[in-house]
Every structure is written in structure tokens, then in C-alpha cells.
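Beneath this line is the structure, given in C-alpha cells, with notes to follow.
The values are calculated or read from the model by the stated rules, or taken from the named source; none is laboratory data. Predicted model, so just to flag it, every value in this text is computed and none were measured. Counting neighbours? That spans all protein chains shown, and the Cβs are built from the backbone with ideal geometry, glycine included. When the accessible area is computed, the model is the full protein with side chains, heavy atoms only, and any ligands, DNA or RNA have been set aside. Shrake-Rupley method; radii C 1.70, N 1.55, O 1.52, S 1.80 Å.
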Amino acid sequence: MDGSILESIGVEIIGVMSPVSICMLLVVLIVYSLTSFSSSSGEPIRTAANLVYLETPTDSTSEKIEGSLLNALVFVILIAAVTFLLVLLYYYNFTNFLKNYMRFSAFFVLGVMGGSIFISIIRQFSIPIDAITCLILLFNFTVVGVLSIFAEGIPIPILLRQVYMVLLGIIVAAWFTNLPEWTTWTLLVALALYDLVAVLAPGGPLKILVELASSRDDELPALVYEARPTVSRNPRGSGFGLLVGGASSESVEVEMTRHNPTDSRNGGDSNETMEETSPLVPSLRDRMRSSSSGSSEFSSTTDRIHQTGTDIIEDEEVDLSALGAILGMGGNESRRGREIIDEEETSRGIKLGLGDFVFYSVLVGRAAMYDLMTVYACYLAIISGLGCTLILLSVFRQALPALPISIALGIMFYFLTRLLMEPFVVGTSTNLMMF
């Protein structure tokens, strides 16, 4: 192997961290700029996150703690119930209903919640625009967003879809920043713990959903951000070809494929591929092998494998024509098999759940309500936690939750900065000990 794993997948990790950073930055700007959007000046808004207890500034600390814990408990129960219902519907193949539900959810978020933020921007900066033009722009923005995310059979640029996925996270996170402070912190802790259990526990709903989607070779019925591979697919090149990951609403996992091709025209050895497959994004080779009998053989032009019983032995090269003969396919079907492999390679990419975008940004948005020093500290903590999660995923090769490490580090750095670092820096600066 040329170089370490960290050096090889650096571009792909940046491809995940960049949209997360953009999402957090824009949420901080919204919190700082749109004072009219904040609910602190009026009555608190009752949402699913504060159904039981509506926090007020006059409440005592014990009442705030007790009420925020009840709110977090009820919200996590609601999330778990909805997730189990999602798994049940997906198990019984209500995929059309789930797709339409997600389309409606995206339309509501972009049109209603995003429209509220858009109107707040107009009021805050006194933008001269009439109501009809505003409605037309908002409607076009919403329709294009829904089509770019869920359109099937329409060639949508991946960049447009990525932009709208980030915008969905920004809009939802901006609304969550309106929650009271105690409710926000307890909710973040509760969701991180729930994510840990839901993804890793044997009967966890997200674990069941991931395994079910993997067994069906289907996309997860969830809103996920997809970072397509940006490295070159030149067959003469070497190095990491793909860093593939899958995500549920609050989980990520990776799959890494390393290619070391050679020039077949010189009569040299065939290409060698070292592949480790993620349970969430199984390779085409695994799906073909599982669909055929135990004695069937499968390979591509870059592989030299022969399956005997349960052992995989590298002994000879089998090209696509041999694959067609093995599976009973003609020449056209063999060419189609090559196209399927190419399509699979280009469709794989890192996927990160939209819930991770939202709650990372909620933490940073809450920090922005205090001062910029806590914002910097929380941002670095979240990005460090995300990097640690990706490293752990590359080591353990299984689905792991993306929230716990980042949320734990973010909350710890927030309170350490607010209680220790900020008084120290302010004290030394006011006494001219530090400039």
C-alpha cells in the first residue's frame, strides 16, 4: 500500500467535513443576524421537543432541569416510535408511501419553515420585494428542491442535490435554536445516547433498518447527504478509488476500495483489487455471489478469484465474457454487466445522515448565543469528533453512530470555554497581560 490510510482518504474526509462546516457557519450567521426570527422576544414556541414543559426565565433551576429531562425523554420516545414505524413500513414494502412522505416533509421544511426564515431575512435587511414575487420565488425554490432531492429518472446535478440537503439541515437547525437553553442541552445529550443505542444495540431500530436495506440492496428510506467520489477513475492510476459510506438518519459507515491496476496490453499480470465491503453498501460482487449458488464463480476484469466452498483463492483471471458464460448471459448481457459495474462504482460515495447536520449546527447555534469564543471551541470539537468517528469506521468496518463523539466533545468544550477559558482570557486581556 502506498502511504497510510489517513493520507489516502483525506480528500474524502474533507468532502464530508466541508458541507458540515458550511451548515454550521450559516446557522451561526442566522442566529447572529435574524434577531426577529428568535423567539426569545415573545412567547416560547411549543414544538415536539418541548411538549411537556415550556421553559420560562422565571422558573427555578430545579424546575428547568426536571422539565428539560421530561422534554428530552418524550422527544426521544417519539423519535424511537417514528423510527420503528418507518422500519415496519419498509419491512412490508410500503416504499411508495415512504417516498411520498419524505417528499412532503422536504416540501414543508423548504416551503413553510424556510419561508419563515426567508421572510425574516426580508424584514431584517429591509429588502424591497412585493408579496407576489416573494411567493413565486419561494414556490420555485421549494419545487426545485424537492425535485432535486427525490426526482427519479431525471439527470439532476449532484452538486444541486448536495446544496439542497445542506439547506434542509440549515433550516431545521435554525428552528431548533429557538428552543430554551436547558431543553437544548438535555435534548442533545439524549439524542446522542439514543443514536448510540439505536445503531449499535442488537434490536436498535436504525440497526434493523440498515441491515434490512442492505439485505434488499436498496437505498435507505431517509434523508442523507451524499458526497460522490471526487478521485480520478483512470484505470492506469493507483491509490484509493473510492471511499464509500452509508448513513441512516443519524449514522454513518464507510467502505474503502483500493485499486492497483496494471497495463493489460503488455501481457502482465491482471489487476488486483483489495476490497473491504460495508454491510450498508454491499458491492455488486457480493450481491451477485449471494444471488447465485454456493458453487458459482464471479469476477470482473480487475479480479482474480475463484470460490471453492467458503474459501476465496486467487488463481486465475475471469473477464466479463467468462462471467456471462457462468451466469448464462449473452454478449449484450455481458456488456450490460460491465455497465452495471461502472454505474455502481460511480454511484458510491460517503453518505452522512441529515440529523447529524442538524444537531451539530444546533450545538454551534446555541454557542453563538453566548459569544464567538465558544463557537470556535465547539466547532473544533465537533469536527474533531467527526474525524474520530470516520477513523473508527475505517478501523471497525461497521455502522457506527455519528453523533455521540462529536456531541460529547462539543458540549464539554462549550462549558469548559464558558466557565474556564473565557474568564481567563477576558481577565488577562483587561489587565493588559495578553493582547
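The number of residues in segment 363-387 that are open to solvent by less than 60 Å² (accessible area, probe 1.4 Å), assigned to a helix (DSSP H, G or I) and not small (G, A, S) comes to 10.
Please tell me if R348 is modelled with pLDDT under 85, open to solvent by 30 Å² or more (accessible area, probe 1.4 Å) and not acidic (D, E). Don't jump to the end; show me each part of the working.
Working: modelled with pLDDT under 85: yes; open to solvent by 30 Å² or more (accessible area, probe 1.4 Å): no; not acidic (D, E): yes.
It is false that R348 is modelled with pLDDT under 85, open to solvent by 30 Å² or more (accessible area, probe 1.4 Å) and not acidic (D, E).
Looking at V172, V189, V199 in this structure, which one is surrounded by 20 or more Cβ atoms within 10 Å (Cβ to Cβ), in contact with a helix residue (DSSP H, G or I) (Cβ under 8 Å, 6 or more places away or on another chain) and under 22 Å from M369 (Cα atoms)? So that I can check it myself, show each step before the final result.
On the way: V189 fails: surrounded by 20 or more Cβ atoms within 10 Å (Cβ to Cβ); V199 fails: under 22 Å from M369 (Cα atoms).
Just one listed residue meets the conditions, V172.
For E55, the test of being surrounded by 13 or more Cβ atoms within 10 Å (Cβ to Cβ) and not in a helix (DSSP H, G or I) is passed. L212: surrounded by fewer than 16 Cβ atoms within 10 Å (Cβ to Cβ), among the hydrophobic types (A, V, I, L, M, F, W, C) and under 23 Å from L78 (Cβ atoms), yes or no? Yes.
Among the residues making up segment 147-162, those that are surrounded by 17 or more Cβ atoms within 10 Å (Cβ to Cβ), in contact (Cβ under 8 Å) with a residue 40 or more places away in the chain and of a type outside the set (K, R) are I149, F150, Q162. Among the residues of segment 130-179, how many are among the aliphatic types (A, V, I, L, M) and under 23 Å from V31 (Cβ atoms)? Of the residues in that region, 12 qualify.
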